[in-house]
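In what follows, a structure is listed as structure tokens, so that the remarks can point back to it.
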Amino acid sequence: MLSDLIVRPVTAAEQDRFQALMQAHHYLGALPKIGHTLWYVATDDTQWLALLSFSAAALKCGVRDRWIGWDLRHHYDRLHLIANQSRFLILPQHHQPNLASRVLSLCRRRIQSDWIVRFGFPLLLLETFVDPRYFVGTLYRASNWQYVGDTRGYQRCRRGEYRPSASAKRVFVQPLQRNARALLCRPRLDARYHSGRVRLKLSAEHMTALPAFFRSIPDPRRAQGRRHPLASVLAIATAAVLCGARGYQAIGEWAQALNPQALARFRCRLRNGQRQCPSASILRDVLMRVDPLALDQALQQWSTHHGVRDPSLAIDGKTLHHAVHEHTGCSCAN
């Protein structure tokens, strides 16, 4: 009886059974448990009827991203608020009318609370990909999932590259609360939606524009000690803070991860045909010695120019100095 159906997370002792059944009966086989993953089983008394797997959202999905309306800056920092329904299996001999839609409905009612208990933050959106060679997505349409378009027919490889797959997939999404799309696009989110370190991005346009705002600031260093342009050092430090780095070590690590294209956008020093990135110690020394009033004025000009369209790009001297001294135990003199 569907009225007696229960959907619950799979326990640790049941995981081997879950994987064995998924491998034996799902046309794609089983998936390893990597990152944020929840497995569910639908039961009637002690009998297993269906299995579901929810895992990390697709890194890139054009039709989903356009439907949400977010941009590159917030994309990677908010993917954890989306879960991909990566597997759904009705076990053999248990196919019956309305079972699949009932399982989906019961899972939707509880996955937000389960996700918070397990990972410490809520979900806002579910997504799934349907292969039209095998299915048309009737179940998801009947369960009030929204069809947002088709993928371009590429799949991500282990090395981070994309290659053509056998076919494009149909993409369905289901918001878990009414304001899900608005929240995913909001310039800033409440702390309860965060997951560890902030991972915001800057566009190439923003990177290129930053150094110009610091060109008029007096350089506090001696002439023989200026290995890197002051504007480049301040631009990199500001960009790191805008992208969520807190403390000298984090700012330095963020800078060292920049690729040659990004270093060129920040107008970093060119030596022997290669762009040089300032070290964490140079970043720290410059930020400790630069004129705080001149720095604050430059940052306010940046915020006036860019923060109007995107408030998450607004920054001032106090914000930068707080981020610099956070986790260091240092005091700020200004």
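The values are calculated or read from the model by the stated rules, or taken from the named source; none is laboratory data. Please read these numbers as outputs of a predicted model, since none were measured by experiment. Neighbour counts are summed over all protein chains in view; Cβ atoms, including those assigned to glycine, are modelled from backbone coordinates with ideal geometry.
With the requirement that a residue be of a type in the set (A, V, I, L, M) and free of Cβ contacts under 8 Å to residues at least 24 places away in the same chain, what does the range 267-292 give you? If you could, list the steps in order and put the result at the bottom.
In the first step, residues of the range 267-292 are kept if they are of a type in the set (A, V, I, L, M); the result is 270, 280, 282-283, 286-288, 290.
Scanning the range 267-292 gives LEU270, MET288.
Step by step: first the residues of the range 107-129, then only those that are surrounded by fewer than 16 Cβ atoms within 10 Å (Cβ to Cβ) and in contact with a strand residue (DSSP E or B) (Cβ under 8 Å, 6 or more places away or on another chain), then the one that is nearest to TRP67 (Cα to Cα). Which residue is that?
Step by step, filter the range 107-129, then rank; the result is ARG110.
Would you check if there is a residue in the range 115-128 being within 17 Å of ALA168 (Cβ to Cβ) and touching a Phe, Trp or Tyr at 6+ places or on another chain (Cβ under 8 Å)? Spell out the reasoning first.
To start, the set of residues in the range 115-128 that are within 17 Å of ALA168 (Cβ to Cβ) comprises 127-128.
Filter once more, keeping what is touching a Phe, Trp or Tyr at 6+ places or on another chain (Cβ under 8 Å): 127-128.
So far as the range 115-128 goes, yes, one or more of its residues are within 17 Å of ALA168 (Cβ to Cβ) and touching a Phe, Trp or Tyr at 6+ places or on another chain (Cβ under 8 Å).
Run LEU263 past the list (1) aliphatic (A, V, I, L, M); (2) under 30 Å from ARG188 (Cβ atoms); (3) modelled with pLDDT under 90 and report the number of the one that doesn't hold.
(3)
Given the options SER303, SER232, SER203, name the one that is surrounded by fewer than 16 Cβ atoms within 10 Å (Cβ to Cβ) and either assigned by TED's automatic domain parsing to the domain that holds HIS80 or among the small types (Gly, Ala, Ser) (or both). Don't jump to the end; show me each part of the working.
Numbers: SER303 fails: surrounded by fewer than 16 Cβ atoms within 10 Å (Cβ to Cβ); SER232 fails: surrounded by fewer than 16 Cβ atoms within 10 Å (Cβ to Cβ).
Of SER303, SER232, SER203, the one residue that is surrounded by fewer than 16 Cβ atoms within 10 Å (Cβ to Cβ) and either assigned by TED's automatic domain parsing to the domain that holds HIS80 or among the small types (Gly, Ala, Ser) (or both) is SER203.
Quickly run through the range 210-229 and pick out the residues that are in a helix (DSSP H, G or I) and either crowded, with 20+ Cβ neighbours inside 10 Å or at pLDDT 90 or above (or both). Give the derivation first.
Keep residues of the range 210-229 that are in a helix (DSSP H, G or I), which gives 210-214, 223-225.
If the condition is that a residue be in a helix (DSSP H, G or I) and either crowded, with 20+ Cβ neighbours inside 10 Å or at pLDDT 90 or above (or both), then LEU210, PRO211, ALA212, PHE213, PHE214 are the ones that fit.
Regarding ILE282, is this residue β-branched (Val, Ile, Thr) and in a helix (DSSP H, G or I)?
It is true that ILE282 is β-branched (Val, Ile, Thr) and in a helix (DSSP H, G or I).
Considering each residue of the range 306-334, count those that are assigned to a helix (DSSP H, G or I), at pLDDT 75 or above and either charged (D, E, K, R) or surrounded by fewer than 14 Cβ atoms within 10 Å (Cβ to Cβ) (or both), and give that number.
Of the residues in the range 306-334, 1 are assigned to a helix (DSSP H, G or I), at pLDDT 75 or above and either charged (D, E, K, R) or surrounded by fewer than 14 Cβ atoms within 10 Å (Cβ to Cβ) (or both).
Quick one: is ASP77 at pLDDT below 90 and either surrounded by 20 or more Cβ atoms within 10 Å (Cβ to Cβ) or touching a Pro at 6+ places or on another chain (Cβ under 8 Å) (or both)? Show your work before the answer.
Numbers: at pLDDT below 90: yes; either surrounded by 20 or more Cβ atoms within 10 Å (Cβ to Cβ) or touching a Pro at 6+ places or on another chain (Cβ under 8 Å) (or both): yes.
The answer is yes for ASP77.
For the range 49-63, enumerate the residues that are crowded, with 18+ Cβ neighbours inside 10 Å and under 14 Å from the mean Cα position of the chain (by Cα).
Within the range 49-63, SER55, ALA57, ALA58, CYS61 qualify.
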